[in-house]
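First comes the structure, then the notes that go with it.
The values are calculated or read from the model by the stated rules, or taken from the named source; none is laboratory data. Quick caveat, the model's predicted, so the values are computed rather than measured. As a convention, Cβ positions derive from the backbone with ideal geometry for all residues, glycine included, and neighbour counts pool all protein chains shown. Note: areas computed on protein heavy atoms with side chains; ligands, DNA, RNA excluded. Shrake-Rupley method; radii C 1.70, N 1.55, O 1.52, S 1.80 Å.
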Amino acid sequence: MKLSSVNYLVGKGIKSVWKNKMMSFASFCIMLVSLLMVGLSVLASININKIISGIEGKNEVIVVIKDGLTDEAVTSLETNIKDINNVDTVSFYSKEEAWESMIKNMSQAEKDLFQYTDGDNPLPDTYKVSVKDIEKMAETTNRMSTLEGVESVKASSEFADVLISIRNIFSVIAIAVVIALIIVCLVIISNTTRTSVFSRRKEINIMKYVGATNKFIKIPFQIEGTIIGLLAAVAAFILTMFVYRGVFNLFQGNYQLWSILGINSLYSFKSIFLPVAVAYLVAGAVIGAIGTTISTSKYVKV
Amino acid sequence: MVEFNDVSVTYSSGVDALNHVSLKINDGDFAFVVGSSGAGKSTLIKLILKEIDATEGTVTVNGFNLSKLKRRKIPNLRRTLGIVFQDFRLIPTMTVYENVAFVLRVIDAPKKYIKSRVPYVISLVGLAHKAKAYPEQLSGGEQQRVALARALVNDPQLIIADEPTGNIDPALSYEIVELLKGINECGTTILMVTHEHDIVRHFGGRIININAGSIAFDETIGGANEA
Ligand SMILES: Nc1ncnc2c1ncn2[C@@H]1O[C@H](COP(=O)(O)OP(=O)(O)OP(=O)(O)O)[C@@H](O)[C@H]1O
Ligand SMILES: [Mg+2]
């Protein structure tokens, strides 16, 4: 096909988007919502996965020591913990150390706020215990919680289990949403195509009589669908950027969250910028093109 | 060249629109197709365009055997034809120039060729001064001349006109037929369906009369203004 024809067809497609503003806008909105829902679900999933793998990598158990124990009791507790089969190493982490590391990671404003509680450290002494076999984690933590002088035992893997089930729910919802939205997208694109085929029926009729190929007749509609898809993709990308950054900042600003999960437990938007943009554009263009290809064969009887 | 060989058409409704029609239109011919309403004239045209297929018999147009022509090859057939309709069928949102140029664009003609060919055919039908006008700004006769320019622009071997004068003033009708005659003299075959006996009598030539799906009469008569 000649370059001038390509220009002509693309021009037709663009004009058609404008000519059927209402339908184009409706398709645009539906595609935008669909892309956003799917995109945000996927981003949520990959971040939860990252958190999970971060936690799972830590075979660490925190044993919180009862307040006011004698030094002997604390030492004998350490021996008792070491006696458990699955335990690898045990290290003492005093309430003062915990306090300092917490203050160190705080912003200035938070530090100022915490000045008032100085001298009254609310944190407990703990033992950081690493286990040999993560599989036997539950059994090991149970044993430890029955030991004398233990206030509580916190295994981060318990939190991972919770996250895994959240992620699984997310995945099921995401798949259901994807299927539903693809169907909705195809229906709405099909209607848009029908409207533009209708508004151009005279032209199409003449095109058939003068020997335009089917491809030539259909391409402008496919371009129209693709353009709408791409516009929706761009809008979805921009919205995703804002939403993602918002959530990310919220997360980073929440000390308790990242002290459990670790400061690098989320992907920064910068690091996922390119794949997200490419995924949106490809998905938008493909849904737009496929949708119109299906519906043009239906409405452009050639 | 158009050749019908024992062609019958039965519509799905059960109507026998054509019954065992055989006829041959040679290159360079000018033929009128006449007949009462419902006789099967448009059916004949639709067969040539391969809008419908013959229920029986074979149709050959410009070397294409239409019963063997695959659907996706239909554009190749139609590029050898020019078509004029009773209702003009111009695209209202396009100017005269665009309506004509459109035909060449959709068959992927070179841009340079479009630029020289389109003004030429528009001037052939005498509308050079109206090239930038829109169809609604033109009279019926002028609109039909645009349609004629559109049919001509791809230099077809055969022009088919289904009642091209049906929607325009009798006086202007003669102009249209004069134009068709002129095109015919340059070698293009013309097949024109008409109801208007005055026109047929005036111009003369080959007359194919269809009656109830059969050819009742197919002869060449002298026109009133024979050159
Ligand atoms: N698509 C169709 N389906 C069923 N019957 C049809 C169809 N088109 C035409 N017919 C019938 O076939 C017969 C021939 O129709 P055709 O259109 O060829 O007539 P015509 O000679 O062109 O008439 P007119 O001068 O009124 O245009 C008529 O009886 C008509 O009702
Ligand atoms: Mg008719």
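Structure notes:
- Between B and A, roughly 1900 Å² of accessible area is buried in total, ligands, DNA and RNA not counted and the probe set to 1.4 Å.
- The Rg/Rh ratio for chain A, using Cα coordinates for both the radius of gyration and the Kirkwood hydrodynamic radius, is 1.24.
- Rg and Dmax [Cα atoms of chain B; Å; Rg one decimal, Dmax integer]: 17.4, 50
- C-alpha long axis of helix A:269-299 to longest principal axis of chain A, angle in °: 30 degrees
- Taking the DSSP bridge list for the protein assembly as shown and keeping only pairs wholly inside it, about 70 percent are antiparallel.
- Probe 1.4 Å, all protein chains present, accessible-area order of A:Ile238, A:Ile81, largest first: A:Ile238, A:Ile81
- Loop sites here are GluC sites (Glu not before Pro) outside DSSP states H, G, I, E and B with no more than 14 other Cβ atoms within 10 Å. The longest part of chain B free of them is B:52-225.
- Chain lengthening between B:Lys112 and B:Arg71 when straightened (0.36 nm per residue, less Cα-Cα): 11.7 nm
- Separation between Cα centres of the range A:6-70 and the range B:71-137, rounded to whole Å: 49 Å
- Rounded percent of accessible protein surface that carbon and sulfur make up, the protein assembly as shown, 1.4 Å probe: 58 percent
- Residue-normalised accessible area of the range B:139-227, given per residue in Å² at a 1.4 Å probe: 41 Å²
- A simple spin-label model places pseudo-atoms 7 Å from Cα toward Cβ; at A:Thr79 and A:Asn142 they are separated by 2.7 nm.
- Taking label positions 7 Å along the Cα-Cβ direction at both B:Asp27 and B:Tyr120, the computed distance is 1.9 nm, reported to one decimal.
- Here the spin labels are modelled as points 7 Å beyond Cα on the Cα-Cβ line, and at A:Asn7 and B:Lys46 they lie 4.1 nm apart.
- Along principal axes, Cα extents of the protein assembly as shown, largest first, whole Å: 133, 48, 32
- Per-pair calculated FRET efficiency, R0 = 30 Å: A:Asp161 and A:Tyr267 via Cβ, rounded to 0.05: 0.85
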